[in-house]
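Student: A single structure is presented below for examination.
The values are calculated or read from the model by the stated rules, or taken from the named source; none is laboratory data. Bear in mind the structure is a predicted one, so any value in this text is a computation, not a measurement. All Cβ positions, even for glycine, are placed from backbone atoms using ideal geometry, and neighbour counts span all protein chains on display. For the accessible areas, the whole protein counts, side chains as well, though only heavy atoms, and no ligand, DNA or RNA atoms are used. Shrake-Rupley method; radii C 1.70, N 1.55, O 1.52, S 1.80 Å.
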Amino acid sequence: MTSLNETLAEILAEDLPAKKGFMYNAAQCDYAQAVLSVLQAEKGATGFIEGDTGIGKSFGYLLALVLWMRQKKKRTVYISTHSRQLQSQLLDVKNIAILNELLEVRGMLPVLPVMRVGRSNYISPQRLADALEVPSLDDLKVSTLPVELQRLVKLATTGSGCLLDYPGVLPEGFDQESIGLVSHEPDTQQYGQMLDRADNAEIVVVNHALLVNLLRHDAMDSPDLAVLIDEAEHFPDVAQSVMSVGFSFSRFYQTLQRYQVSSLGSYWNDNYAAFCNRDKAGEVGSFLPDTLEIYDEVRALLDSADRIKRSKSRIIKQYGDVAWSEIEDLVAAAGHIGRNIDSDRLAFSYSPVRGMLTVREPRIDAGRIIHKGLKDRRTIFTSATLSDLDHINPSFQHIQRLLGIYNPTLTSAFSPERYGAMSFRFPEETNATNVPIEQEGEEFRLSGEYASHVFRDMGQNPLPHGARRLLLCRSYRDVEVLQNIQEREGYCAPIFYHDSGTRLRDVVDRLVANEEGGTLVTPAGWEGLSPNRINNKPFWHEVGILRLPFSPPDMLREHALATHLSRSNKELDAKTLASMSTGVAWAEDRNRMLHRLRQGFGRLIRHQNDKGTIVIYDPRFPRPWETGRQYLVRAIPFRFRHEYRTVKRTRHSDENGIAALL
């Protein structure tokens, strides 16, 4: 009998390359075999497996997972991702059809992955009716509504009921927080149907946040279970976000006002200024009497929050059960914070601009939630950027430390020696490249002069007809600045901006439909954006790096790290602890940025015959003739380092006649 390993090798080496547009990829085969080896190990097996961008990683592990499932009945697989783009790729009808054709040739049953999403992604009919100021959706004259709201009501009543399926940007005031299903609210029919499909599916696709909640509540019931976590480097951060208990005073106050809760209203009116203080914007610290000036006021409010329950019957009668469940969740959070108020685990933070106070119990060890049920399943962590990016001797120490898994069954990294062709271009230097950002009031934004430089460079290096360029930004604010500068610079070539709230796939579809090609500008395309080749040609002709994808400093996390370090290093003084926590936080931020930058480079090469150019605008990335910041070069795939090192420097005099830069 042919073994699973032999079947996997035959499919990837013979059956798949026989299909149009596919070729044999040794790295994909080796990667898939590594995944299969962890699946074939005993329960409790764990694997850290890195697969370079473009080798066909997702198809490789899908095939390995399906073959493992077909070997024995009642096996279930959960695939968790960080990005919506990767979920769409895994569920793509064409990709699943190809997979099932390969299975059919081998006499195996087809597979149909099902996506499971959290309940807050489904529309609450009552909350939607409240937002539209009607008793129920049955009392609504849909034809009198604006088109955007008509679509939303139809989605809730006759459609899937899932906000993720809304075409375009949700109308203002009708977002997930405002109209999504909340806890204690009855399931809608659409949500229940989705759960039924997921419960009966062999492969369930979820995001990391939902996986954390499933682990917390032991909600993945299967006699033989495998969990594969793609984009796994993001899992610890998502777990921390989900599991950290926080109490937002601004949200609490707004809720009191919305439901006319008078029992605490007068107290809040007298003290709101203390809980919303622009002069304190950005401050963080331990929630202790000597570090928070309004400690007594905050403690008094938390202690008194339970008094809101006196208004329960009135709120339910006037606003319904949904409104009360929202208030009850806030009261529960206040109670949790209040019960732990004398511990050293709590921290406070004022939001960066408006100075809105939040008290939070950070969970810097939240990634270890993965240990729940670990011995009863096989668990695989994978990504194109999972390792510490040491290409000579790949290690996974950083992610293993965050997850608390120090003796995995397997650690491997797969990168082809030859796969695609990547060249590099560094635009001619001008003064603008030295000023990538500028300050505007309390905020920093992309420099207008720098943006003008980018447009001039794109104008001097036009795309061939029908070709496409991906311009990766740091934030949606960058997108706004570029939009404002484009007309001034007279740049007329097609350009497609990905605005905040717009689905990236919709913008990509518009780009594909444009026969002239054009430039896609987005901060959301660093990871998971993998459009299929068109006419057997690379999708992207060029990928530009506008700004390095650094995240803003997380002062609350730095504080939580200092507190955590102080428990095990009590002899250290506050200054040393602060320095150590800042250093650890910076190392983590740098690691995240390098992984994201590596993923950005990987958007260019998705097939072994792909070739294109990486254009690096950000002057912080070292040019080949520079010696500083060499850690950034680790983001470049090792097989393309030679192309980077051999880029020749150009001479250029700027428009103001400043001496040529050599």
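Student: Which numbered condition in (1) within 21 Å of Glu233 (Cα to Cα); (2) modelled with pLDDT under 95 is the only one that Tyr61 fails?
Tutor: (2)
Student: Let me ask you something else. For the stretch 6-26, give me the residue count where each residue is surrounded by 13 or more Cβ atoms within 10 Å (Cβ to Cβ) and farther than 21 Å from Ile96 by Cα.
Tutor: 1
Student: Hey, which of the helices (runs of 4 or more DSSP H) in the stretch 18-112, taking only ones fully inside, have at least 2 residues that are more than 29 Å from Pro637 (Cα to Cα) and out of contact with any strand residue (DSSP E or B) (no Cβ under 8 Å at 6 or more places or on another chain)?
Tutor: 57-71, 93-105
Student: What helices (runs of 4 or more DSSP H), lying completely within the stretch 539-657, carry at least 2 residues that are modelled with pLDDT under 85 and touching a helix residue (DSSP H, G or I) at 6+ places or on another chain (Cβ under 9 Å)?
Tutor: In the stretch 539-657, 555-568, 574-602 are the helices (runs of 4 or more DSSP H) which contain 2 or more residues that are modelled with pLDDT under 85 and touching a helix residue (DSSP H, G or I) at 6+ places or on another chain (Cβ under 9 Å).
Student: For the stretch 175-184, check the following and say yes or no: at least one residue is more than 25 Å from the chain's Cα centre (by Cα) and within 21 Å of Ala323 (Cα to Cα).
Tutor: Yes, the stretch 175-184 has at least one match.
Student: While we're looking at this one, here's another question. Scan the stretch 362-410 residue by residue and report those that are surrounded by 15 or more Cβ atoms within 10 Å (Cβ to Cβ) and among the aromatic types (Phe, Trp, Tyr).
Tutor: Within the stretch 362-410, Phe381, Phe396 meet the criteria.
Student: Looking at (1) open to solvent by 70 Å² or more (accessible area, probe 1.4 Å); (2) of a type outside the set (Lys, Arg); (3) touching a residue at least 24 places away in the same chain (Cβ under 8 Å); (4) out of contact with any strand residue (DSSP E or B) (no Cβ under 8 Å at 6 or more places or on another chain), which is the only condition Trp586 fails?
Tutor: So the condition that Trp586 fails would be (3).
Student: Right, something else. Among the residues of the stretch 242-257 satisfying the criterion of being touching a helix residue (DSSP H, G or I) at 6+ places or on another chain (Cβ under 9 Å) and free of Cβ contacts under 8 Å to residues at least 60 places away in the same chain, which is farthest from Leu301 (Cα to Cα)?
Tutor: It comes out as Gln257.
Student: Do the conditions hold for Pro236, that is, is it in contact with a Gly (Cβ under 9 Å, 6 or more places away or on another chain), under 30 Å from Lys57 (Cβ atoms) and surrounded by 13 or more Cβ atoms within 10 Å (Cβ to Cβ)?
Tutor: Here the answer is yes, as Pro236 does meet what is asked.
Student: Would you check which residues across the stretch 503-523 are in contact (Cβ under 8 Å) with a residue 40 or more places away in the chain and either open to solvent by 30 Å² or more (accessible area, probe 1.4 Å) or basic (Lys, Arg) (or both) and list them?
Tutor: If the condition is that a residue be in contact (Cβ under 8 Å) with a residue 40 or more places away in the chain and either open to solvent by 30 Å² or more (accessible area, probe 1.4 Å) or basic (Lys, Arg) (or both), then Arg503, Arg505, Asp506, Glu515, Glu516 are the ones that fit.
Student: Which of the residues spanning the stretch 429-473 are part of a loop (DSSP other than H, G, I, E, B), crowded, with 18+ Cβ neighbours inside 10 Å and at pLDDT below 90?
Tutor: Keep residues of the stretch 429-473 that are part of a loop (DSSP other than H, G, I, E, B), which gives 429-430, 435-436, 441-442, 447, 461-467, 473.
Then keep just the ones that are crowded, with 18+ Cβ neighbours inside 10 Å; that gives 429-430, 436, 447, 467, 473.
Passing the criteria: Glu429, Thr430, Pro436, Ser447.
Student: OK, next. Which pairs do you get when a residue that is over 16 Å from Tyr617 (Cβ atoms), found in the stretch 452-479, comes within reach of a residue that is part of a helix (DSSP H, G or I), reach meaning Cβ atoms under 7 angstrom, with the pair 6+ apart or on two chains?
Tutor: Note: pairs meeting the criteria are Arg468/Leu511.
Student: I need a count of the residues in the stretch 1-32 that are in contact with a helix residue (DSSP H, G or I) (Cβ under 7 Å, 6 or more places away or on another chain), at pLDDT 90 or above and not β-branched (Val, Ile, Thr).
Tutor: Start the filter on the stretch 1-32 by keeping residues that are in contact with a helix residue (DSSP H, G or I) (Cβ under 7 Å, 6 or more places away or on another chain), which leaves 4-5, 7-9, 11-13, 15-16, 19, 24, 28-29, 31-32.
Retained after the next criterion (residues that are at pLDDT 90 or above): 4-5, 7-9, 11-13, 15-16, 28-29, 31-32.
Next cut, not β-branched (Val, Ile, Thr) only: 4-5, 8-9, 12-13, 15-16, 28-29, 31-32.
Here the count works out to 12.
Student: Residue by residue through the stretch 169-215, note down the ones that are out of contact with any helix residue (DSSP H, G or I) (no Cβ under 6 Å at 6 or more places or on another chain) and aliphatic (A, V, I, L, M).
Tutor: Val169, Leu170, Met194, Leu195, Ala198, Ala201, Ile203, Val206, Leu210, Leu211, Leu214
Student: Could you check the stretch 48-65 and list, in sequence order, the residues that are over 21 Å from Arg596 (Cα atoms) and buried (at least 23 other Cβ atoms within 10 Å of the Cβ)?
Tutor: Within the stretch 48-65, Gly60, Tyr61, Leu62, Leu63, Ala64, Leu65 meet the criteria.
Student: Could you grab me the full set of residues in the stretch 143-182 that are surrounded by fewer than 16 Cβ atoms within 10 Å (Cβ to Cβ) and small (Gly, Ala, Ser)?
Tutor: Ser143, Gly159, Gly168, Gly173, Ser178 - these are the residues of the stretch 143-182 that are surrounded by fewer than 16 Cβ atoms within 10 Å (Cβ to Cβ) and small (Gly, Ala, Ser).
Student: Please enumerate the residues belonging to the stretch 310-319 that are surrounded by 17 or more Cβ atoms within 10 Å (Cβ to Cβ) and either touching a Gly at 6+ places or on another chain (Cβ under 7 Å) or under 19 Å from Ser124 (Cβ atoms) (or both). Steps first, please.
Tutor: Of the stretch 310-319, the ones surrounded by 17 or more Cβ atoms within 10 Å (Cβ to Cβ) are 311, 315, 319.
Within the stretch 310-319, Ile315, Tyr319 meet the criteria.
Student: Next question, about the same structure. Those residues that are under 14 Å from Glu231 (Cα atoms) and either touching a Phe, Trp or Tyr at 6+ places or on another chain (Cβ under 8 Å) or among the charged types (D, E, K, R) (or both), I need them from the stretch 368-387; list them, please.
Tutor: Ile380, Phe381, Thr382, Leu386, Ser387
Student: Right, something else. Just a yes or no: is a residue in the stretch 121-142 modelled with pLDDT of 90 or more and either under 30 Å from Lys73 (Cα atoms) or among the charged types (D, E, K, R) (or both)?
Tutor: Looking through the stretch 121-142, none of the residues is modelled with pLDDT of 90 or more and either under 30 Å from Lys73 (Cα atoms) or among the charged types (D, E, K, R) (or both).
Student: Among the residues of the stretch 615-647, what is the count of those that are open to solvent by 60 Å² or more (accessible area, probe 1.4 Å), free of Cβ contacts under 8 Å to residues at least 40 places away in the same chain and either charged (D, E, K, R) or under 17 Å from Arg590 (Cα atoms) (or both)?
Tutor: 4
Student: Also: Could you look through the stretch 63-111, keep only residues that are under 16 Å from Arg606 (Cβ atoms) and in contact (Cβ under 8 Å) with a residue 60 or more places away in the chain, and pick out the one that is nearest to the chain's Cα centre (by Cα)?
Tutor: Ranking the candidates gives Ser83 first.
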